[in-house]
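Trainee: Dropping the structure in here first, questions after.
The values are calculated or read from the model by the stated rules, or taken from the named source; none is laboratory data. This one's a predicted model, so the numbers in the text were calculated from it and none came from an experiment. Neighbour counts are summed over all protein chains in view; Cβ atoms, including those assigned to glycine, are modelled from backbone coordinates with ideal geometry. Side chains are part of the model used for accessible areas, which takes the heavy atoms of the whole protein and leaves out ligands, DNA and RNA. Shrake-Rupley method; radii C 1.70, N 1.55, O 1.52, S 1.80 Å.
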Amino acid sequence: MAFSFLRSKQKDVAGQVDFNHLPRHIAIILDGNGRWAKKRGLPRTAGHSAGSENFRTIATYCRDIGIDYLTVYAFSTENWKRPKDEVETIMGLLKKYLLEAIDTMERDNVRLRFMGDLSALPEELRALTDQCNAISERLDGCLCSICINYGGRAEIVHAAQNFAKDCLVGTVKPEDLTEDGFENYLYSAGIPSPDLLIRPGGEQRLSNFLLWQCAYSEFYYTDVLWPDFSKEELLRAISAYQHRDRRFGGVKK
């Protein structure tokens with residue numbers, strides 16, 4: 001009975017979504033894992049484990065309904081400050097996910113991309129991300145970008161440094177730089193900016209995530225903690241997005 005009720009609720013929300021006009025790119029800040037665990041008297045690591053499983057569910061659902069790009073904030077440059085056992089758990093979950101992804105990416109036609117300073121990751125994880133990148137080059141399905149050791153300000157600085165290097169060797173001139181050209185130096189080069197940014201967990205800030213890319217994204221906040229963020233919640237966010245008036249600084253026609 002309870003299962004039927006949940007399916008009915010999801011169907012009700014789905015009825016509010018126009019699946020012919022979905023956002024092309026959704027970005028999500030995976031927030032609330034620690035608080036989810038605390039509410040249940042569990043260690044924070046249990047929350048990250050639950051959040052990792054939910055990521056699989058939501059990523060698969062995004063692919064199934066036709067979302068072209070999904071970008072998630074998994075581990076920031078500031079997250080290294082967290083307790084050692086928590087960081088080790090997150091890295092362990094990442095390793096587990098990558099190993100499973102290597103076995104299933106071609107079957108599911110899901111591409112993976114990793115954004116951030118990966119040089120700080122253990123060598124084993126870097127090797128696994130390289131394997132995923134190689135497999136992704138053979139695929140054409142939904143692109144899921146996972147931001148690890150990522151910071152929006154650091155990304156912009158990194159891009160500016162690379163542009164400056166190109167200026168020094170003479171391949172470009174400072175006066176030639178445009179916004180479109182600068183985007184080619186970002187980690188997200190080649191990926192359209194997010195149409196919809198979702199932040200579960202109750203906080204209402206970007207937390208240094210995709211600062212350049214989210215200039216005109218629609219924001220959706222919810223108090224639902226990430227491990228509890230269901231397909232129904234995703235549809236609710238998409239429905240809210242579809243009722244927004246996106247003018248990009250202009251006026252409504």
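Trainee: Counting other Cβ atoms within 10 Å, keep those with at most 15, restrict to DSSP loop, and tell me which trypsin sites (Lys or Arg not before Pro) in the range 102-202 are left. Walk me through the numbers before you get to the answer.
Mentor: Numbers: sites: Arg107, Arg111, Arg113, Arg126, Arg138, Arg153, Lys165; in loops: Arg138.
Passing sites in the range 102-202 are Arg138.
Trainee: With a Förster radius of 22 Å, plug the Cβ-Cβ distance of Phe182 and Asn208 into 1/(1 + (r/R0)^6) and report the FRET value to the nearest 0.05.
Mentor: Values: r = 18 Å, r/R0 = 0.83.
The pair Phe182/Asn208 has a calculated efficiency of 0.75.
Trainee: In the chain, what is the count of Lys pairs whose alpha carbons are under 22 Å apart, counting only pairs at least 8 residues apart or on separate chains?
Mentor: Lysine pair count for the chain: 10.
Trainee: Let me ask something else. Take every Cα pair under 8 Å in the chain that's 6+ residues apart, average their separations, divide by the length, and report that relative contact order as a whole percent.
Mentor: Relative contact order, the chain: 28 percent.
Trainee: Can you give the log10 of the normalised intensity I(q)/I(0) at q = 0.10, 0.12, 0.19 Å⁻¹, computed with Debye over equal Cα scatterers of the range 1-139?
Mentor: Evaluating at q = 0.10, 0.12, 0.19 Å⁻¹ gives log10 I(q)/I(0) of -0.42, -0.60, -1.28.
Trainee: Also, quick follow-up: Find the centroid of the Cα atoms in the range 169-195 and in the range 10-76, then give the distance between the two in whole Å.
Mentor: One Cα centre to the other: 29 Å.
Trainee: I've got another one for you. Counting only the heavy atoms of the protein chains, how much of Trp212 is accessible to a 1.4 Å probe, in Å² to the nearest 10?
Mentor: Estimated to the nearest 10 Å², Trp212 gives 80 Å².
Trainee: Pairwise over distinct Cα atoms, reciprocal of the mean inverse distance: report the Kirkwood radius of the range 94-143 in Å, one decimal place.
Mentor: Evaluated on the range 94-143, it is 11.0 Å.
Trainee: Given Cα positions, please report Rg to Rh for the range 177-244, the hydrodynamic radius being the Kirkwood one.
Mentor: Over the Cα atoms of the range 177-244, Rg/Rh equals 1.04.
Trainee: With only Lys, Arg, Asp and Glu charged, each at its Cβ (+1 for the first two, -1 for the last two), find how big the charge dipole of the range 1-113 is about the Cα centre; round to the nearest 20 debye.
Mentor: The dipole of the range 1-113 has a size of about 400 debye.
Trainee: Still on this structure, please answer the following. Can you give me the % of accessible surface on the chain that is carbon or sulfur? Probe 1.4 Å, all protein chains present, nothing else counted.
Mentor: 50
Trainee: A further question follows. Keeping every protein chain present and rolling a 1.4 Å probe, give me the accessible area per residue for the chain in Å².
Mentor: 54
Trainee: Let me ask another. Would you rank Cys144, Cys167 by solvent-accessible area, highest first, keeping every protein chain in place and using a 1.4 Å probe? Intermediate results must be reported in sequence, preceding the final value.
Mentor: Details: Cys144 5, Cys167 35 Å².
Heavy-atom accessible area, descending, gives Cys167, Cys144.
Trainee: Full-extension gain between Glu124 and Arg244, please, as 0.36 nm times their residue separation minus the C-alpha to C-alpha distance.
Mentor: Residue separation times 0.36 nm, minus the Cα-Cα distance, leaves 38.9 nm.
Trainee: From the protein chains alone at 1.4 Å, what is the descending order of accessible area for His48, His158, largest first?
Mentor: His158, His48
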